[in-house]
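Undergrad: One structure coming up, written as structure tokens, with questions to follow.
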Amino acid sequence: MSTFASQFLQDAGRATDNSDQRRFIRTALGNYEIARDRHKGSFQDWQGARQLAAGIKWEAVNHLDKYLEQFVLKLESRGTKVHWASTGLQARETILQIVRKKKAHSIIKSKAMTSEEIHLNDALEKEGLQVVESDLGEFIVQLRHETPYHIVFPCMHLRRGEISALFQRELGSAPTNDPEELTMIARRVLRKKYITADVGITGANFAIADAGMVSITENEGNARLTAALPKTLITLIGIEKILPRLEDLALFLPMLATMGAGQQLTCYNTLYAGPRQPGESDGPEEWHVVLLDNHRTQLLADTEQRDALHCIRCGACLNVCPIFRNVGGHAYGTTYSGPIGSVITPHLRGLQDWKHLSNASSLCGACTETCPVKIDLHHHLLQNRRNAAQEKPAFLERFAYQIFSLLVTKPALWSLAKKMGRAMQPLHKIIQGTPLDPAKSWTQSRELPRLAPESFKDWWRKRR
Amino acid sequence: MSEREKILGRIREVLKAQAPPPGEALSEPDSIRSRQCLPKVGEPFDEQIVLFAQKLAELKADFQIFNSDTEMKQALVSLRDTAGWKRMARHSGPLTDVLCPVLGIPCLLTDQPYDVHDLEAADAGISECDALVAQTGSVLVTNRSAGGRALSVLPPHHVVLARREQLVADLPAAFELLKQKYGEDFPSMISFISGPSRTGDIERILVLGAHGPKKLTIFVLNTNH
């Protein structure tokens, strides 16, 4: 078992033991479901919208070269500097070079899962820079030196009391259990940061090919401030974020809001077409867009799972997944958790190290059913299991199946095995639950069913 | 070979193998199909403005419609007095130029480069917009039509002054309008604002004014210009 797998088992075990926390997460997600369903219901044809969205993303991903070139050409024509990065390391180096050149001291960031993916904050901090996350949830997990718990709700695992204690300790604020007061504490701290930051860094939700624009969706206004006030702006985008046409957003923005947070439309949906243009009164003087591959082309090569690149990171599959709901986001040990994380992490970080996540699934298909762009998530989990087994067959598993196949094809052996099983079963009690027990993984939480005293075949023979 | 060529090369190489498209080919333009899937919006203005007002109420934004300039001026004055505005910021536009001087408080203009501390000190930012979207209760602004990137997001209260003919039915119509109005020459920032800034990050409880405005007020002038 890989160390990642045993860590997962350990963390997942600890999380499932905590029934208070599980109830807390279940309540939060229950409220999300009510809001999501209300807005889904306001669509005239939700299934039609999913079909259309899946078709648009298919078009974009299967002509990715064409649309990326179109996107970049337009962006560059308005003075945006575009950088390409094959790996996370290259993306970090590119960004470091920009901030070095600008002699930056402080950086304000708005939420970007791609930056978590490439561990950007670590790299910037090692360079001696002050990096502040401005999304409230990200700000809180950053103060706790934690990774986001959920790709849309970074601190959904925390209660107000814990956040209050954190703010008292880290920011010296007065104790309060009022979410509004807590939010205002963060607002006051972060206001100063926007105004003094030398560089702003954002992620992106969509890259619009025909218009050469980057679309950013947010509720708080932190991304808008990040893209308005610092003199230099850097935007990190995964190459799969492409949409062909500007008007595609008319469909994708409400779908993302509905599935992401149970809203009709997120508070701010903002498009950026360039840095400050001649005659404009504010905005960054320089805008750098960093396009990140980081194994995405590898996933693109897998025609069976290529649709995983359709993902718009709404997080809907996490919210409905019985595994995510019980083990939580941190147990996964990955940037992207839940079903989509279990599907893509083996591609991003190695199949053998991360194949265990594809087994952490009930294969109920709730993820596939909810996905707004119709990614066949639970079948991809099965494909990952198959690919992992083909690439590196598990010796014991293969041995067990060879024995089984021998027994079921030789009636004499089968009947002998039955007899032995019946004779030996009472002895099993002696070793049950010990390391000698061959059925330990079953018997530690369940009763082993008793073999019938007489098989059907014997019974039938006697009756005739 | 540059990284750009390497990445595009890899993409072209792997795209030689085809992935099956989902479902049938699209015969109609996507925007027509989108409209048939999205929430329904009626044709008549009265229906649309009622929907717009209802959406804004859900979003906890304030909305009022006026039959004359004078009424709108009075409403602005009473807003100033109830909220206790001492300083404001705005940009120059056909509505703001006519209506805002009545407020008589120190005012920062954001049409030209300005000091961000002055904008931060403003109690309210007053702007115009490109369109109002009935379907979602959104205000569509650009940095060209609404005084830059920060005016509509930095001050704690954002007031939008609009005319009735700026109301459009739905999101597809809003994107059509953008394309018609700007052609290829898009402003560098375009934003759909749907309600005051908000967060649900703490226990999924709604709090207004996370980083942007705590209040959003939309005044619509119900006369044709």
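Undergrad: Could you give log10 I(q)/I(0) at q = 0.30 Å⁻¹ for region A:325-370, computed by the Debye formula over C-alpha point scatterers of equal weight, without solvent?
TA: Listed by q, the Debye log ratios stand at -1.23.
Undergrad: Quick one: among B:CYS129, B:CYS100, B:CYS37, which has the greatest mean-square fluctuation in a GNM of chain B with alpha-carbon springs under 10 angstrom?
TA: Comparing B:CYS129, B:CYS100, B:CYS37 in a Gaussian network model of chain B, the most mobile one is B:CYS37.
Undergrad: Then there is this: Can you classify region B:62-104 as rounded, prolate or oblate using the Cα gyration tensor, where a ≥ b ≥ c are the square roots of its eigenvalues, rounded means a/c under 1.5, and otherwise it's prolate if a/b beats b/c and oblate if not?
TA: It is oblate, given that a/c is not under 1.5 and a/b is not larger than b/c.
Undergrad: Name the residues whose placed amide hydrogens come within less than 5 Å of the amide hydrogen of A:VAL290, ignoring near sequence neighbours (fewer than 5 apart) on the same chain.
TA: Under 5 Å from the amide H of A:VAL290 lie the amide H atoms of A:HIS83, A:THR235, A:LEU236, A:ILE237, each far enough along the sequence or on another chain.
Undergrad: How high is the relative contact order of region A:151-247, in percent, with contacts defined as C-alpha pairs under 8 Å that are six or more residues apart?
TA: Computed value for region A:151-247: 26 percent relative contact order.
Undergrad: Which percent of Cα-Cα pairs in region B:123-214 sits in each 10 Å bin, short to long?
TA: Whole-percent P(r) values from 0 Å outward: 16, 45, 30, 8, 0.
Undergrad: P(r) tail for region A:99-239, what percent of Cα pairs lie past 28 Å?
TA: Distances greater than 28 Å cover 17 percent of the Cα pairs.
Undergrad: Starting from the coordinates of the alpha-carbon atoms of region B:20-90, obtain the Kirkwood hydrodynamic radius over all distinct pairs and give the value in Å to one decimal.
TA: This gives a value of 16.6 Å.
Undergrad: Classify region A:380-464 as rounded, prolate or oblate, taking a ≥ b ≥ c as the square roots of the eigenvalues of its Cα gyration tensor: rounded when a/c is under 1.5, otherwise prolate if a/b is larger than b/c and oblate if not.
TA: oblate
Undergrad: Further question: Anything over 32 Å Cα to Cα? Flag those among A:LYS74/B:LYS16; A:LYS57/A:LYS81; A:LYS102/B:LYS60; A:LYS66/A:LYS111; A:LYS66/A:LYS109, in the order listed.
TA: Flagged as over cut-off: A:LYS102/B:LYS60.
Undergrad: So, one more: Using just the helices of chain A, give the 222 nm mean residue ellipticity in deg cm²/dmol: DSSP H runs with n ≥ 4 each add -39,500 (n - 2.57), and the total is spread over all residues, rounded to 500.
TA: Result for chain A, helices only: -16500 deg cm²/dmol.
Undergrad: Hey, what's the per residue convex hull volume over the C-alpha atoms of region A:300-435, in cubic angstrom?
TA: 161
Undergrad: Determine the shape class of region A:417-464: with a ≥ b ≥ c the square roots of the Cα gyration tensor eigenvalues, call it rounded for a/c under 1.5, and otherwise prolate if a/b is greater than b/c, oblate otherwise.
TA: It comes out prolate by the Cα gyration axes.
Undergrad: Could you tell me what a quarter of the Cα convex hull surface of chain B works out to, in nm² with one decimal place?
TA: Mean shadow area of the hull around the Cα atoms is 18.0 nm².
Undergrad: Could you give me the radius of gyration and the Dmax of region A:210-283, taking only the C-alpha atoms into account and expressing both in angstrom?
TA: Final numbers for Rg and Dmax: 13.3, 39 Å.
Undergrad: Give the lysines whose C-alpha is closer than 24 Å to that of B:LYS55, dropping any in the same chain fewer than 8 places away, or say none.
TA: Result set, ordered by chain and number: A:LYS40, B:LYS40, B:LYS214, B:LYS215.
Undergrad: Rounded to the nearest angstrom and ordered from largest down, what semi-axes does the equivalent ellipsoid of region A:1-76 get from its C-alpha gyration tensor (root of 5λ)?
TA: Semi-axes, largest first: 38, 26, 12 Å.
Undergrad: For Cα pairs less than 8 Å apart in space and 6+ apart in sequence, what is the mean separation divided by the residue count of chain B, i.e. the relative contact order in percent?
TA: Relative CO of chain B lands at 23 percent.
Undergrad: Taking each pair of different alpha-carbon atoms in region A:348-414 once, compute 1/r for the pair, average those values, and report the inverse of that mean as the Kirkwood hydrodynamic radius in Å to one decimal.
TA: Evaluated over region A:348-414, this radius sits at 14.2 Å.
Undergrad: Give me the Å³ per residue figure for the convex hull around the C-alpha atoms of chain A.
TA: 192
Undergrad: Right, next: Would you grab the residues whose amide H sits under 5 Å from the one on B:ILE218? Only those 5+ places off in sequence or on another chain, please, with H modelled 1.01 Å from N.
TA: B:ASP62, B:PHE63, B:GLN64, B:VAL160
Undergrad: DSSP loop (so not H, G, I, E, B), at most 12 other Cβ within 10 Å: list which trypsin sites (Lys or Arg not before Pro) in region B:67-110 pass both filters.
TA: B:LYS86
Undergrad: While we're looking at this one, here's another question. 222 nm [θ] for chain B, helices only, -39500 (n - 2.57) per DSSP H run of 4+, per residue, to 500?
TA: Calculated from helices alone, the mean residue ellipticity at 222 nm is -9500 deg cm²/dmol.
Undergrad: Output the 0 to 90 degree angle, nearest 10, between the alpha-carbon long axis of helix A:46-62 and the longest principal axis computed from the alpha carbons of chain A.
TA: Once rounded, one gets 80 degrees.
Undergrad: Now for a different question. Among the lysines, select those whose C-alpha is under 28 Å from the C-alpha of A:LYS418, and discard any that sit fewer than 8 residues away in the same chain.
TA: Of all the lysines, those that pass the test against A:LYS418 - Cα under 28 Å, at least 8 places apart if same chain - are A:LYS410, A:LYS429, A:LYS440, A:LYS457, A:LYS462.
Undergrad: May I have the convex hull volume per residue, in Å³, for the Cα set of region A:287-366?
TA: 117
Undergrad: Taking θ = phi - 60°, what integer Hz values does the Karplus form 6.51 cos²θ - 1.76 cosθ + 1.60 yield along region A:174-188, in sequence order, with x for Gly and Pro?
TA: After applying 6.51 cos²θ - 1.76 cosθ + 1.60, I find 6, x, 7, 10, 9, x, 5, 5, 4, 4, 5, 4, 5, 4, 5 Hz.
Taken together, the values in this text are just the output of simple stated rules run on the coordinates, not laboratory data. Since the structure is predicted, the reported quantities are computational estimates derived from the model, not experimental observations. Backbone-built Cβ (ideal geometry, glycine too); neighbour counts: all protein chains shown.
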